[in-house]
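Engineer: Encoded as structure tokens, here's the structure I'll be asking about.
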Amino acid sequence: MQPLLVTHALQAFHGDAQALFGIDFMLAAGEVVAVIGANGAGKSTFLKALAGLVKAPRDAIRFKGEGIGSLPPGEIVRRGLALVPEGRRLFASLSVEENLLMGAVSRRPGPWNLRRAYQLFPVLQDKRREPATALSGGQQQMVAIARALMSNPELLLCDELSLGLAPIVIQEIYRAVPRIAEEGMTVVVVEQDVQTAQRVSRRLYCFQEGRVSLTGESARVTREQVTRAYFGAAA
């Protein structure tokens, strides 16, 4: 099977500080894959590199067989990758619906539009005229996810969807992930909550100090393996 996305020996830097050290990662079309790890492990930097927000060598990231590591973020969105950023990063001056429409500026063809977004998260239709940042944290996360879907991506990158949310809200947010994947979309979920990550994904990667310390099928990885991968020496 031709992988949808591959990284090979991916390195990334924040200024002079190296954040990723030779990340090898593979993703097949239609998979939901989780990336777990402690704070500072490089998870968010990895997603930002895929989305073009952190520079990377062109051929270190290949999407559908083409190197995209050096492309600007707007071009990467047009290629079919969309990021739900950590902290949501909504446009404070825009309404819920205006935020969603901003996700559609790439004009990629596909099934996702306002109607579909409101079907996925019905509460957003009721609040569509309200300022997006006036919503609850969980509802703001719904806006961020729906905005990314409005670009009709082939690959959805989700960074810390549960950050700062109550457990019952986290469950509601993550119920949307299988529904999105059922339609053939590929999803990468960065998540600190290991149980949540294992529940929603088919495979997982654990990062530790910018390196892959563990990879395997989510249902088969043990608590002991995860603990060693979080805190032990990277493999």
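The values are calculated or read from the model by the stated rules, or taken from the named source; none is laboratory data. This one's a predicted model, so the numbers in the text were calculated from it and none came from an experiment. A quick note on method: Cβ atoms are made from the backbone with ideal geometry, for glycine too, and the neighbour counts reach across all protein chains shown. Side chains are part of the model used for accessible areas, which takes the heavy atoms of the whole protein and leaves out ligands, DNA and RNA. Shrake-Rupley method; radii C 1.70, N 1.55, O 1.52, S 1.80 Å.
Engineer: Where a ≥ b ≥ c are the square roots of the eigenvalues of the C-alpha gyration tensor, would you call the range 103-152 rounded, which needs a/c under 1.5, or, failing that, prolate if a/b is larger than b/c, or oblate?
Structural biologist: It comes out prolate by the Cα gyration axes.
Engineer: Which percent of the accessible area of the chain is formed by carbon and sulfur heavy atoms (probe 1.4 angstrom)?
Structural biologist: Here carbon and sulfur together make up 51 percent of the probe-accessible area.
Engineer: For the chain, what relative contact order do you get, as a whole percent, if you take Cα pairs closer than 8 Å and at least 6 residues apart?
Structural biologist: This gives 26 percent for the chain.
Engineer: Taking K and R as +1 and D and E as -1, what net charge do the other residues with C-beta under 12 Å from the C-beta of Glu130 add up to?
Structural biologist: Values: positive: Lys127, Arg128, Arg129; negative: Glu97, Glu98, Asp126.
Once positives and negatives cancel, what remains is 0.
Engineer: Number of Lys-Lys pairs in the chain under 26 Å by Cα, sequence gap 8 or more or different chains?
Structural biologist: 4
Engineer: Whole-Hz ³J(HN,Hα) for each residue in the range 64-77, computed from phi via Karplus 6.51 cos²θ - 1.76 cosθ + 1.60 with θ = phi - 60°, x for glycine and proline: what do you get?
Structural biologist: Using θ = phi - 60°, the values come out as 6, x, 10, x, 10, x, 9, 7, x, x, x, 5, 5, 4 Hz.
Engineer: Between Phe231 and Ala92, how high is the FRET efficiency from 1/(1 + (r/R0)^6) when r is the Cβ-Cβ distance and R₀ = 30 Å? Nearest 0.05.
Structural biologist: Working: r = 38 Å, r/R0 = 1.27.
Efficiency computed from Cβ-Cβ geometry: 0.20.
Engineer: Full-extension gain between Asn113 and Arg175, please, as 0.36 nm times their residue separation minus the C-alpha to C-alpha distance.
Structural biologist: The span from Asn113 to Arg175 would gain 20.4 nm if fully extended.
Engineer: Roll a 1.4 Å probe over the protein chains and send me the accessible area per residue for the range 121-176 in Å².
Structural biologist: I get 39 Å² per residue for the range 121-176.
Engineer: Residues in the range 86-109, backbone N under 14 Å from the label point at Leu163 (7 Å along the Cα-to-beta-carbon vector): list them, ranges by number please.
Structural biologist: Counting backbone N atoms under 14 Å from the label point, the list is 86-90.
Engineer: Work out from phi, with θ = phi - 60° and the Karplus expression 6.51 cos²θ - 1.76 cosθ + 1.60, the ³J(HN,Hα) of each residue of the range 9-22, listed in order in whole Hz, and give x for Gly and Pro.
Structural biologist: Karplus-based 3J(HN,Hα) across the range 9-22 equals 6, 5, 10, 8, 10, 10, x, 8, 8, 7, 10, 10, 10, x Hz.
Engineer: If I model a spin label at Ser136 and Ala17 as a point 7 Å from the Cα along the Cα→Cβ vector, what separation in nanometres do I get?
Structural biologist: Calculated label separation equals 3.5 nm.
Engineer: Moving on to the next point. Whole-Hz ³J(HN,Hα) for each residue in the range 23-28, computed from phi via Karplus 6.51 cos²θ - 1.76 cosθ + 1.60 with θ = phi - 60°, x for glycine and proline: what do you get?
Structural biologist: The phi angles translate into 6, 9, 8, 9, 9, 8 Hz.
Engineer: Cα atoms only, the chain: Rg and Dmax in Å?
Structural biologist: Cα only, the chain: 17.0, 50 Å (Rg, Dmax).
Engineer: For Ala38 and His8 in the same chain, what is the full-extension length gain: residue separation times 0.36 nm, less their Cα-Cα distance, in nm?
Structural biologist: On the way: separation 30, 0.36 × 30 = 10.80 nm, distance 2.23 nm.
Using 0.36 nm per residue and subtracting the Cα-Cα distance, I get 8.6 nm.
Engineer: Can you list the residues, at least 5 places off or on another chain, whose amide H is less than 5 Å from the amide H of Ser218, using H built in the peptide plane?
Structural biologist: Under 5 Å from the amide H of Ser218: Arg203, Leu204.
Engineer: Out of all DSSP beta bridges with both ends in the chain, state the antiparallel percent to the nearest 5.
Structural biologist: Roughly 55 percent of the DSSP beta bridges within the chain come out antiparallel.
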